[in-house]
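Participant: Once you've had a glance at the structure underneath, I'll fire off some questions.
What follows draws every value from the coordinates through simple rules; no lab data is involved. In this text, all values refer to a predicted model and were calculated from it rather than measured experimentally. Cβ coordinates were reconstructed from backbone atoms using ideal geometry, including for glycine residues, and neighbour counts include every protein chain displayed.
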Amino acid sequence: MRWWPACFFILFCLSCHSPSATDRSNVNIRLSKDSQSVYISGLEYAILHDLKTDTLNNEAWHSLFAVYRMPADTDLKDLQPQQPGKYRVTDTSIVFTPDTAFVKHQRYFVRYYGGPLADSQAEVLQSKAKLEGQHYKEVTLNF
C-alpha cells in the first residue's frame, strides 16, 4: 500500500498539465494595424503573467518568438539574422516592435518556437536542436 500515495500524486500531476495550453496551433501571429509591431496571442494568461514578471533578455525572447526578413532566395531562410527589437508582454499577447521600422514592400517571417510540452526555455532550445520535423509555427508577413 506504500505505492498508492505516489501513484495518486503522479496521476494528479498528469491531470493538471494541459498539453494544449501552449500548443502552436492555438497561437495567433498577426501584424498590428499600423504595421509597426507583431503580436503573438493565444497563450494562456498564466503563461503571459509569468513572462511579464520574468526579466528575459533578447536572446531568451528570440528563442521563443523571432522575426526575420525574408530573403530573395527562400532556401536561405534558416540563415537569416533575427530582427533586432524590443519585446513586451500585455495581458493578452506578446508584442515585438523592431528597432528600425519594417520596410514597405518587404516580406518578413515570424517563428514561434513554443510547443505543448515546452515548459521551460531549456525545453524550447532542445526542441529547436532536433533535426526531424518542424518545431515551430511560422507565419509570413507582407508589408
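Participant: Using the Karplus curve 6.51 cos²θ - 1.76 cosθ + 1.60 with θ = phi - 60°, what ³J(HN,Hα) values do you get for each residue of the range 75-88, in whole Hz, with x for Gly and Pro?
Facilitator: 5, 9, 3, 5, 9, 7, x, 6, 5, x, x, 10, 10, 9
Participant: For the pair residue 34 and residue 82, how long in nm is the line joining their label points, each one 7 Å along Cα→Cβ?
Facilitator: Distance between the two pseudo-spin positions: 2.5 nm.
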